[in-house]
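The values are calculated or read from the model by the stated rules, or taken from the named source; none is laboratory data. This one's a predicted model, so the numbers in the text were calculated from it and none came from an experiment. Quick reminder, even Gly has a Cβ in these numbers, built from the backbone with ideal geometry, and neighbours come from all protein chains shown. Just the protein is used for accessible areas: all its heavy atoms, side chains included, with ligands, DNA and RNA removed. Shrake-Rupley method; radii C 1.70, N 1.55, O 1.52, S 1.80 Å.
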Amino acid sequence: MIDAALNSSGAQVILATSNDENYPPENIIDGSSETFWVSTGMFPQEFIIRFSNPVKVSLVTLQCYNVKHLKIEKSASNEAADFEAVIEKGPFWICATLVFAIAISGNISSFLVHLGQPDYHYVPEFRKVTIAATAIYSYAWLVPLALWGFLMWRNSKVMNIVSYSFLEIVCVYGYSLFIYIPAAVLWIIPDESVRWVSIVIAMCLSGSVLVMTFWPAVRDDHRRIAIATVSTIVVLHALLAVGCKVWGVVFILYRSLTLKCLSLLKKREEKSVGIYSGLDFLTQH
């Protein structure tokens, strides 16, 4: 991967809102971890880097200190104008992929469980997409919204608490769900132990990302509040994982019971027809 934001690659800092001769803006793009740019004066502070050629940016890495809010904008203009905010689309597509992975895996799993049963006729369950989408997108947007509001409130009470923007929290939650996609694919295997192991591993890995991200934001708060906040994050995350798994099991059991009831009703109907036919035969003779 080429680092386009280096002076060795032709990049230039064409604007910076502060300039300290000991720590000039050019240190931003010199590629050395020993030098840095110091912003002085009031905030917000900003700088603009111009690349030598138009580039497709796939990753942005920053090393900074005491930065509470960060906004990244882009421009395709030759001049330093017409900037627009960089909108992260990854979490949306991860959630969409996870929704269809759960729905498709659930349908295939249900098909394999009932395969070979004479009374079973496969019908795609499109409502699984609706239910999965409602649960996942509600979790990926409403929980970050509540957490963002809580962190903003605590930041007004305790000044040294690290604060994240709403978009940053949404990105963390969205990317943390990525590990559930291969776990959902493994649900196709008709073995409950494999399914539970896959969901538990995914839950632990994904939950650890959330804990490591948000613990620094609340650790300077009161001890009880910090522990309660992280515990709530973990519990809600576990409820999503277990809820999706249990709902899939309940749905398969529901289909199994439905098929058994239909089979019993069909046998009872055939038996009744046989009795009525026998009575008609006796009546005629």
| Any pair with Cβ under 6 angstrom, 6 or more apart, that starts in segment 84-107 at a residue that is within 20 Å of residue 241 (Cβ to Cβ) and ends at one that is in a loop (DSSP other than H, G, I, E, B) and open to solvent by less than 20 Å² (accessible area, probe 1.4 Å) | 94/177; 98/177
| Taking interchain pairs and intrachain pairs at least six residues apart, which have beta carbon atoms under 6 angstrom, with the first residue in segment 3-26 and part of a loop (DSSP other than H, G, I, E, B) and the second surrounded by 15 or more Cβ atoms within 10 Å (Cβ to Cβ) and modelled with pLDDT of 85 or more? | 5/11; 5/49; 11/49
| note | For residue 167, the lone unmet condition from (1) out of contact with any Lys or Arg (no Cβ under 6 Å at 6 or more places or on another chain); (2) among the aliphatic types (A, V, I, L, M); (3) surrounded by 18 or more Cβ atoms within 10 Å (Cβ to Cβ); (4) in contact (Cβ under 8 Å) with a residue 40 or more places away in the chain is (3)
| residue 66 fails exactly one of the following numbered conditions: (1) open to solvent by less than 90 Å² (accessible area, probe 1.4 Å); (2) in a loop (DSSP other than H, G, I, E, B). What is the number of that condition? | (1)
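When you go through 100, 36, 111 one by one, which is the residue that is open to solvent by 70 Å² or more (accessible area, probe 1.4 Å) and in contact with a strand residue (DSSP E or B) (Cβ under 9 Å, 6 or more places away or on another chain)? It would help to see each step written out before you state the result.
Working: 100 fails: in contact with a strand residue (DSSP E or B) (Cβ under 9 Å, 6 or more places away or on another chain); 111 fails: in contact with a strand residue (DSSP E or B) (Cβ under 9 Å, 6 or more places away or on another chain).
Sole residue among the options that is open to solvent by 70 Å² or more (accessible area, probe 1.4 Å) and in contact with a strand residue (DSSP E or B) (Cβ under 9 Å, 6 or more places away or on another chain): 36.
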| field | Single match in 76, 81 (criterion: over 30 Å from residue 217 (Cβ atoms), open to solvent by 90 Å² or more (accessible area, probe 1.4 Å) and either of a type in the set (A, V, I, L, M, F, W, C) or in a loop (DSSP other than H, G, I, E, B) (or both)) | value | 76
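Quick one: in segment 90-114, of everything that is in a helix (DSSP H, G or I), over 13 Å from residue 181 (Cα atoms) and not hydrophobic (A, V, I, L, M, F, W, C), which residue is modelled with the highest pLDDT? If you could, list the steps in order and put the result at the bottom.
Filtering segment 90-114 down to residues in a helix (DSSP H, G or I) leaves 90-113.
Okay, now just the ones that are also over 13 Å from residue 181 (Cα atoms), so 90, 92, 107-113.
Restricting the remaining residues to those that are not hydrophobic (A, V, I, L, M, F, W, C) gives 90, 107, 109-110.
Values: 90: 78, 107: 72, 109: 73, 110: 70.
Out of the qualifying residues, it is 90.
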